[in-house]
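Student: Quick one: the structure is below, questions incoming.
The values are calculated or read from the model by the stated rules, or taken from the named source; none is laboratory data. Remember, it's a predicted structure, so these values are computed and weren't measured experimentally. Every residue, glycine among them, receives a Cβ derived from its backbone with ideal geometry; neighbour counts consider all protein chains shown. Each accessible area value is taken on the protein alone, full model and side chains, heavy atoms only, with ligands, DNA and RNA left out. Shrake-Rupley method; radii C 1.70, N 1.55, O 1.52, S 1.80 Å.
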Amino acid sequence: MRDDQLLRYSRHILLNEWGVDGQERVSQSHALVVGAGGLGSPAALYLASAGVGQITLIDHDVVDVTNLQRQIAHTQDRVGQLKVESLKKAIEQINPEVQVQCIAQRADSVLLNHHVALADVVLDCTDNFETRHAINLACVQHNKPLVSGSALRMDGQVAVYDIRQSQAPCYACVFPPTQQFEETRCATMGVLAPLVGIIGSLQATEALKILSGMGASLTGQLILFNAQFMEWQTLQTHRHVQCPVCSAHRS
């Protein structure tokens, strides 16, 4: 590593669990962030500040004035711009060495199949079950770790789905695609601004642990957080041996 890189990342390198080796792994890694809004903003910014070598952003949406209450990567003067381009500008202001690829398209199965295969870790920062299941399917097919987050009103959750571990569940084991869930979004239900920052930051934390090789991930656990009462709850999650998504891809 260059002297300026050793200085920039010195506070991570000082961590015994991280060190120079961990930083080099992170700097050579590729993270895919699907969703450049409330969760994707803090997640991508922290990945960039930590020196993740390449970040691919997928989001088809544009910045709206209603986003500015919580989507901290975007600014008033970028209203109307593509969110991926706005987030790229924010990343470059923090760490211009990070290579950022912007995909201004809806995250469908074809697009995900291509880009998930190229990534070392995938962060699901989206807001609907259809896309979440499509991301999970691509991660299962390409054996990639998935860091999933969601936030609505005062409640958030984060989990890691990594079928590289034989007994670990995939997203569909916990939230079956055949099960009907009420599709609610912050545009109609509202969301507390710092909540998405908390959940997005947790996603970045889990992704960096995976990339650096530091510690144990949240695989097999679902973390629930209620901001109104500042309550945390950890649920154990389990592999579904007859899961229609991951059972066929297990060795």
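Student: Residues in the stretch 1-31 that are more than 13 Å from Val98 (Cα to Cα) and either open to solvent by less than 10 Å² (accessible area, probe 1.4 Å) or among the hydrophobic types (A, V, I, L, M, F, W, C) (or both): how many?
Tutor: Number of matching residues: 10.
Student: Further question on the same structure: Looking only at residues in the stretch 45-66 that are open to solvent by 10 Å² or more (accessible area, probe 1.4 Å) and polar (S, T, N, Q), which one is farthest from the chain's Cα centre (by Cα)?
Tutor: Keep residues of the stretch 45-66 that are open to solvent by 10 Å² or more (accessible area, probe 1.4 Å), which gives 45-46, 49, 53-54, 59-62, 64-66.
Subsequent filtering for residues that are polar (S, T, N, Q) retains 49, 54, 66.
Details: Ser49: 15, Gln54: 14, Thr66: 22 Å.
Filtering first and then ranking leaves Thr66.
Student: Check whether at least one residue in the stretch 151-169 is free of Cβ contacts under 8 Å to residues at least 40 places away in the same chain, under 26 Å from Ala73 (Cα atoms) and either touching a His at 6+ places or on another chain (Cβ under 9 Å) or among the small types (Gly, Ala, Ser) (or both), and report yes or no.
Tutor: No: zero hits.
Student: For residues in the stretch 204-251 being touching a residue at least 40 places away in the same chain (Cβ under 8 Å) and among the charged types (D, E, K, R), which is most open to solvent (accessible area, probe 1.4 Å)?
Tutor: Here the residue is Arg239.
Student: Is there any pair linking a residue in the stretch 122-138 that is open to solvent by 40 Å² or more (accessible area, probe 1.4 Å) to one that is among the basic types (Lys, Arg) and at pLDDT below 95, with Cβ under 9 Å and at least six apart or on different chains, and which?
Tutor: Asp127/Arg185
Student: Scanning for something closer than 26 Å to Gln28 by Cα and either surrounded by fewer than 18 Cβ atoms within 10 Å (Cβ to Cβ) or not hydrophobic (A, V, I, L, M, F, W, C) (or both), does the stretch 71-79 turn up at least one residue? Full working, then the answer.
Tutor: Of the stretch 71-79, the ones closer than 26 Å to Gln28 by Cα are 73.
From what's left, either surrounded by fewer than 18 Cβ atoms within 10 Å (Cβ to Cβ) or not hydrophobic (A, V, I, L, M, F, W, C) (or both): none.
No; the residues of the stretch 71-79 include none that is closer than 26 Å to Gln28 by Cα and either surrounded by fewer than 18 Cβ atoms within 10 Å (Cβ to Cβ) or not hydrophobic (A, V, I, L, M, F, W, C) (or both).
Student: Return the total of residues in the stretch 195-250 being farther than 16 Å from Ala168 by Cα, at pLDDT below 95 and outside any loop (DSSP other than H, G, I, E, B).
Tutor: Of the residues in that region, 0 qualify.
Student: Something else: Which one is surrounded by the fewest Cβ atoms within 10 Å (Cβ to Cβ), of the residues in the stretch 93-121 that are in contact with a helix residue (DSSP H, G or I) (Cβ under 6 Å, 6 or more places away or on another chain) and in a strand (DSSP E or B)?
Tutor: Cys102
Student: Taking only the stretch 144-170 into account, find how many residues are over 11 Å from Thr219 (Cα atoms), over 13 Å from the mean Cα position of the chain (by Cα) and crowded, with 23+ Cβ neighbours inside 10 Å.
Tutor: 1
Student: If you don't mind, another one. Test each condition in (1) under 16 Å from the mean Cα position of the chain (by Cα); (2) closer than 22 Å to Leu111 by Cβ for Pro42 and report the one that comes out false.
Tutor: (2)
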